[in-house]
Every structure is written in C-alpha cells, then in structure tokens.
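The numbers here are math on the coordinates, done by the rules we state, and not lab data. All figures in this text were calculated on a predicted structure; none of them were measured in a lab. In this analysis, Cβ positions are derived from the backbone assuming ideal geometry, glycine residues included, and neighbour counts consider all displayed protein chains.
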Amino acid sequence: MTPILRTDNISKIYGEGDGKVIAVDSISLELKKGEMLLIMGPSGSGKTTLLSIMGCILHPTRGEVIIEDEIVSRLHEEALPDIRKRYFGFVFQAFNLFPSLTAQENVELVLRLKKTPKALIRQMAGELLNKVGLSKRASFYPSDLSGGEKQRVAFARALAGGPPILLADEPTANLDSKTGLEVLKLLREMAEQDSKAVVIVSHDPKAESLAHRVIFLEDGRIG
Amino acid sequence: MLWLALKTLFHERGRLIITLTGIIFSTVLTLAQVSMYLGMMGNATGVIRHTDADIWVMSKNVQNFDFANPFPEERINKVRSMPDVIWADRLILTWGFLKLGSGGQEQVQIIGFNPDTGVGAPWKMVSGSRSDVKGGRYMIIDRTSEKRLGGLQPGSVWELNQVQFKLAGLSEGTRSFTTAPVVFIGYNQVHRYLTHFVRDDQATYIVAKLRDPEKTEETVRALREVMKDNDILSKKDFIKKTVLYWTVQTGMGMGFFLTALLGLIVGGAIVGQTVYANTMEHLREFGTLKALGARNSDIYAVIFSQVGINAVIGFFIGSILIISLQGSVEKAGVSLYLHPLLFMSLFLVVLLTCLLSAFFSVRKVRSLDPVTVFRS
C-alpha cells in the first residue's frame, strides 16, 4: 500500500553553535492507512517534535515531509493550516477541549472550521459522538465530563471532517489504566475499521501490544 | 467564528460584566460630556441660529453673542441701503434684575426684539404669542427658568429693573450660555424702560436678510467698507466666533474634551485589560484552533467579534442610561444635545477604542506557536 505520509531524512535543530540542540535527527519513516504507529522513547527524546513535524505544525530544519506525493515541508507557513485541516485529526494529552462549548459543539467547531455545510454540521457531530459512545453526553460541558469522556470527545473532534491521519500525543497520560486501555483500543479500531493512519506518542506499555508498529526514539534518532 | 466568539463571550459572564461596565462607563461619561458641551454651545448660539438673518452687525470686537455693546441704531440705514438686503432689523441684548416673589432677585438676559416682524423673537412658544409683547410693559420668559424664578403664570406681574412688566407668554428652549433666564421684551419697551445699558437711540445688533444668500460674503465686505466702527459677520461666522470664544478662550472646551478623552481612555483600558486577560487565559484554546487548521485571521475574528459585541451592548446600555437621565439633568438646568448623529459618531469612537484595545491580544495570538498545544 502506498504510504499516505513519509518523512525523508528530517531533522529539527534548535539554536546554533555550542547551544545547538538536535531535537530530531535524520528520521525517515512511512505511515500507511490502516496502520497504528507508536512512537516511544524517554522524555526529551524528540517524540513530540517529530509528531509536530509530521502534523505540519512545525517546519523541519532539514529533510522533507511528503503527504500523498506533495512535499508539504516546502509549503509556505500560510498554506499549512489548510494542510492540517485536510489531512490531520489531533488528540492531545490535556484534551484541549473548549470549556465554553458543549461536547457536541466541540466537535461542531472543527466541522465549521472545515466549512462543512451548515445543515450537516449538527447531524455529523452527533454521529461522531455516537461513534465514541457519548451521544447521551452531547450537551455536557467538558467540566462535567470525566477524563475518559473528555478524551472520547477529543477523538470525535479529531475524526470530524474525516481526516486520513490521526496524531495522538500521550492520549492515555491523564487517564486511569482501564480507561487508557479503552482509548487505545478505540484508536486501533479507528485505524483498522476506518482505515485511518494513526500515530501515537506514548509512554504507556499497554500501547505497545496494540500498535502495529513501534519505533523507539533516543536523542532524536530512531533507536 | 462569530459563533465561537458568542459562545465564549456569554459563557464567561463575570468577565462580560466587567468589560461591559468599562464600556458603559466610557459611553456615559463621553456622551454626557459631549452632549453637555453641544447643549451649551446650542444655548450660546440659539438666538443667532433661530433668527432668519444672513448678516449680523455688532459693535467692534464683540467676542460672542452674550457680550454685546451698544452702537447708534441709525446705522441700520446703511445696511438697508445695500442692494441685496431685503430687510434689516434691530435687536437689543442687555441684562437686568428680576425681582422674585421670595423677595430676592435674579439676573436675567433681556432680548429686545421687534414684535411686528418677530425678528429675534423666541422661536417656540408654549403659551401666548410673540406679538403679545407689543405696545406695553409685557414680557415673555422661557419656561426652563421656572425653577429659578418661581411660578411663571401668564398674566402675573414681575418687577424688572424696578419697572413692572406683565408676563404675556412662555417660550421654550431659549437659554443663555450663562444659564441666566432669558426675558423677551419689545424693542421699543427696552428703549423706554431699560436704558441703564443702551440709550434710546442705540441697538446692540442689526440683522439683515439678503435676497440671495450666496451674496453674503460680498455684502459683508461691502458693509465693512461703509461701517468701519462695526464688526460685520455672516450668520455662520458669528456662530463660529461665539463657539470658539466659549470653547477656546475660556478653556471650557479643553475641560470637556479632556474629561471625554479620560472617559474613553479609562473605558478603553478596562476593555483592553479584560480582553488581554481573556486572551492569555485562552491561549491554549487559540493554539488548539491553530493546530486544528484555523488561520490567524480566524482567531483575530474571534477576538474582534467579542470586542465588537461588547462595544455594541455596552454602548447601547450606556445610551439608554444617558437618555433616561436626560429629563432630570435638563430639569436641573443643564442642556444635553442628544442627536442621532452624536450617537452614531460616538459609537464609532467607542468601537474604535475597543478594537484598538484588542491590539495586544492580537499581537499575542500572532506570535503563538501551535506547538504549545502539545505541552501538558
């Protein structure tokens, strides 16, 4: 299968001279649809930096990021929001839900950003919440949801608009063990059933057994 | 993005109230100052504006309408001799003391006008008619003075400079800049009974109407040639001169301007501070929006929409407050000039102040790195 995303020898270097820090060092990898890739490594190994570069949030210092044969790392900063909207769904460690919006509205927000026809927004957001098992909590604000529920809303939001790639940064870090496992299973389900390419950054050993592929980072390099 | 702006704005009611308080304060203070200033300028120029004349002749170096000096009234003939003058008439502006029922007295501004032509007469009567002052010791007093003078009953007799005058009618909307009550009397009666300031052969103003108002400047120049001892001004220039005198030479304009500016600055500072604090608190959300594909312009739209909505609501409430206060303020003797154009202009100023106050928030968002969303 053709990879949906490739990184070609990418590096991210901060600072210069003696203060130079190589956060990501010459990493090449491929990501296919239906695959769940787990990135592991100690703190400061460059996992999140790599995820940010893959998600077109951060420009690499060297190397290329290629999505469906388009070299996106060469695009101007102004073009990246559209790339992120088209290809990526993000799940964050701290959920990053909007406290002033209900679960339903948090999902609707992304659909609005993606210019989904207004008549469909409500229905689509409802379906996504149903998919993650939260249809009955749609009108609840994040402050009234448990950690697991918040993360499920974040998944529904990440899936909104049907992006082919899901990037999840420590998705189980703020969850108890049982809920964490459920979340990881949900991610794998999304990869396999919805043919999403899923990338997870995690320290969670449970993730290792569920991922299709695991890479270990150490000092910015694949170990 | 208006949708997100509204949701966030009304979710945080405490902050909304603080922001609105700032804008309401700013609106009320600014509107009050500006409308009060315009009201006072309206009073200062009321007779000039409402007299249907194109040209005003006065003694040399008159600075404003209220401070007139007498000059020979026969100079009216020079004005009448101008080819474009349809009519010319004389006015007297003088001051006197009205004895009150309580035994005290009140200084009043006296306007002597020709009751046959009505030139210089009160422009709105609520009781009686302008011509009622004709042929005897009759006077018209403005109703707004009632609080200072006591009951103004038509037919009642008052003592003006120790001469008894009967109250023939009541006018409305005529106020002097100095707030002294305005009394209208027939021109000839001033000459007969109130000669302490003007002699019986003197006037303080000559006003003239032209056949073609386009020829005002030309006629003014011609009159200046033949009336070297007088100042000749067009109606527009006399209004301007009076306004400039009270605004600039007395320093009053600066006082009003500074207070209005202070209102805008304090209101703007409150709005700016709350909007900035709001932005700082929502940086993670804005970062998330960027990561999800929002452009900087989308986030600016959220911030500016919130500021704009605040400005609209705050200005609306502030305007309602000032309108509801207008009656009681005017009863206390202070004129407020509240015109739709004033509201529109000040709304633009308040809106601009609020939008400018969001500048630091916008700058913060522009430099926000979406990578921050990955930090727990």
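Taking only the C-alpha atoms of segment A:5-222, Rg followed by Dmax gives 17.3, 57 Å.
Here B:Lys235 is the anchor, and the lysines within straight C-alpha reach of less than 21 Å, apart from those fewer than 8 places off in the same chain, are B:Lys60, B:Lys78, B:Lys124, B:Lys209, B:Lys215. Counts of other chain beta carbons within 10 angstrom of each beta carbon in peptide B:282-289 average 4. Just to confirm a number: summing +1 for Lys and Arg and -1 for Asp and Glu over residues other than A:Tyr14 whose beta-carbon lies under 14 angstrom from that of A:Tyr14, what do you get? With Lys, Arg at +1 and Asp, Glu at -1, the net is -2. Footprinting exposure proxy ranking of B:Trp3, B:Trp123, fewest other C-beta atoms within 10 angstrom first, gives B:Trp3, B:Trp123. The trypsin sites (Lys or Arg not before Pro) of segment B:1-90 that meet both conditions, a loop assignment by DSSP and at most 15 other Cβ atoms within 10 Å of the site Cβ, are B:Lys60. Of all aspartates and glutamates in the structure, those lying under 20 Å Cα to Cα from B:Lys99, and not within fewer than 8 positions of it along the same chain, are B:Asp142, B:Glu146, B:Glu159.
Here the dipole of chain B is about 720 debye; that uses its Cα centre as origin and unit charges on the Cβ of Lys and Arg (positive) and Asp and Glu (negative).
Compute the length gained on full extension between B:Phe360 and B:Glu146: take 0.36 nm times their separation in residues and subtract their Cα-Cα distance, giving the result in nm to one decimal.
Working it through step by step, the gained length comes to 71.7 nm.
Taking one quarter of the surface of the C-alpha convex hull of chain B gives a mean projected area of 23.8 nm². Average 1/r across all pairs of distinct alpha carbons in the protein assembly as shown, invert it, and you get the Kirkwood radius: 30.3 Å.
Distance between Cα centroids, segment B:138-154 to segment B:253-275: provide it in whole Å. Between the Cα centre of segment B:138-154 and that of segment B:253-275, the gap is 39 Å.
Work out the length of the dipole vector of segment B:1-156 about its Cα centre, built from +1 on the beta-carbon of each Lys and Arg and -1 on the beta-carbon of each Asp and Glu, and round it to the nearest 20 debye. Intermediate values should be presented prior to the final figure.
Values: 17 positive and 13 negative charges, 85 e Å.
For segment B:1-156, the charge dipole is close to 400 debye.
Straight-line cross-link partners of A:Lys136 among the lysines, defined as a Cα under 24 Å from its Cα and at least 8 positions apart when in the same chain: A:Lys118, A:Lys150, A:Lys178, A:Lys185, B:Lys7. Compare the Cα positions of A:Val153, A:Thr102, A:Gly15 along the charge dipole of segment A:5-222 (+1 at Cβ of Lys, Arg; -1 at Cβ of Asp, Glu; about the Cα centre) and return the one farthest towards the positive end. Final value for the positive-end residue is A:Thr102. Within the shell of other residues whose beta carbon sits under 12 angstrom from the beta carbon of B:Pro72, the net charge comes to -1, with Lys and Arg scored +1 and Asp and Glu -1. By the scheme Lys and Arg +1, Asp and Glu -1, what is the net charge of all other residues having a beta-carbon under 15 Å from that of B:Gly314? Net charge around B:Gly314: +2.
Between B:Thr179 and B:His339, the distance separating the two model label sites (each 7 Å from Cα on the Cα→Cβ line) works out to 2.4 nm. Applying a length cut-off of 15 Å (Cα extent along the axis) and a mean Kyte-Doolittle floor of 0.5 to the DSSP H helices of chain B leaves B:13-50, B:252-281, B:296-331, B:340-357. Each of A:Leu145, B:Leu352 was scored by other Cβ atoms within 10 Å of its Cβ. Listed from fewest to most, they are B:Leu352, A:Leu145. For chain A, the longest principal axis of the C-alpha atoms and the axis of helix A:177-194 are separated by about 80°. Take each peptide in B:108-116, A:190-198, count the other Cβ atoms within 10 Å of every residue, and average; sorted highest first, the result is B:108-116, A:190-198.
Out of the trypsin sites (Lys or Arg not before Pro) in segment A:52-154, which ones are loop residues according to DSSP with at most 11 other C-beta atoms within 10 Å?
Hits after loop and neighbour filter: A:Lys115.
One quarter of the convex hull surface built on the alpha carbon atoms of segment B:242-339 amounts to 9.0 nm², the projected area averaged over directions.
Using C-alpha pairs under 8 Å with a sequence gap of at least 6, the mean separation divided by the residue count of segment A:5-222 gives a relative contact order of 31 percent. Counting beta carbons within 10 Å around each of B:Leu16, A:Leu210, B:Leu93 and listing the fewest first gives the order A:Leu210, B:Leu16, B:Leu93. A DSSP coil position with no more than 15 other Cβ atoms inside 10 Å describes the following trypsin sites (Lys or Arg not before Pro) in segment B:226-258: B:Lys228.
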